[in-house]
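Undergrad: My structure is below; once you've seen it, I'll send some questions.
The values are calculated or read from the model by the stated rules, or taken from the named source; none is laboratory data. On a predicted model such as this, the values are computed, not experimentally measured, just so you know. Cβ atoms come from the backbone with ideal geometry, glycine included; neighbour counts cover every protein chain shown. Just the protein is used for accessible areas: all its heavy atoms, side chains included, with ligands, DNA and RNA removed. Shrake-Rupley method; radii C 1.70, N 1.55, O 1.52, S 1.80 Å.
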Amino acid sequence: MTLTSDVATTTTIPETHTDLLSASTAILGTVGPDGRPQLSAVWFVADGDELKVSLNSTRQKTKNLRANPAVNLFILDLENPQRYLEVRGDAEIADDPDRAFAGGPVSEKYGVDVRTFDAPGATRVVVTVRPTRINAVDMSAG
């Protein structure tokens, strides 16, 4: 891990920022078909150092990730906006045909069955963010 003032750069989530993994939302950044960033607020689940998102397969963000797996997941500390966790990496996409992830870990964390948001016949995927760089920032430190 490299420490530069208040920024820790690593490929694992430092203990100082693991509390942010219980946040209610994160911002998912993907690269759109025109090469510009597309940002979406998403629900996510932390499984150790893996961050996973359930997405409807018809959404633009899913199409973006299939075309270009570069991804960014940004979690802001709402109590201290000078503190955040930025996870840059590659998206690994797996089909969730029985919606086990959407109806299991996601529903358990958020208390709602996200499968009910889908139109009839819609499918879901599980996106796992494989970190290539993690920036854990606390501008209010020291």
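Undergrad: So if I place +1 on the C-beta of Lys and Arg and -1 on the C-beta of Asp and Glu, and nothing else carries charge, what would the dipole magnitude of the chain be about its Cα centre? I want it in debye, nearest 20.
TA: It works out to roughly 580 debye.
Undergrad: Between Gln38 and Asp19, how many nm apart are label points set 7 Å from Cα along the C-beta direction?
TA: 3.5
Undergrad: Quantify, in whole percent, the carbon and sulfur part of the accessible surface of region 1-134 (1.4 Å probe; protein heavy atoms only).
TA: That fraction is 52 percent.
Undergrad: Right, next: Restricting to DSSP H runs of at least four residues, report the calculated mean residue ellipticity at 222 nm for the chain, -39500 (n - 2.57) per run over all residues, nearest 500 deg cm²/dmol.
TA: One gets -2000 deg cm²/dmol as the mean residue ellipticity at 222 nm.
Undergrad: Among the lysines, which have Cα under 20 Å from the Cα of Lys109 when same-chain residues fewer than 8 positions away are ignored?
TA: Filter leaves Lys52.
Undergrad: Could you provide, to the nearest whole Å², the per residue accessible area of the chain with probe 1.4 Å?
TA: 54
Undergrad: Then there is this: So if each residue of separation counts as 0.36 nm, and I subtract the Cα-Cα distance between Thr12 and Ala67, what length gain in nm does that give?
TA: Net length gain for the segment: 17.2 nm.
Undergrad: Tell me the label-point distance for the pair Met139, Ala94, using the 7 Å Cα-to-Cβ offset, in nm and rounded to one decimal.
TA: Spacing of the two 7 Å Cα→Cβ label points: 3.7 nm.
Undergrad: Rg/Rh for region 38-142 to two decimals, with Rh computed the Kirkwood way over all alpha-carbon pairs.
TA: Rg/Rh for region 38-142 comes to 1.00.
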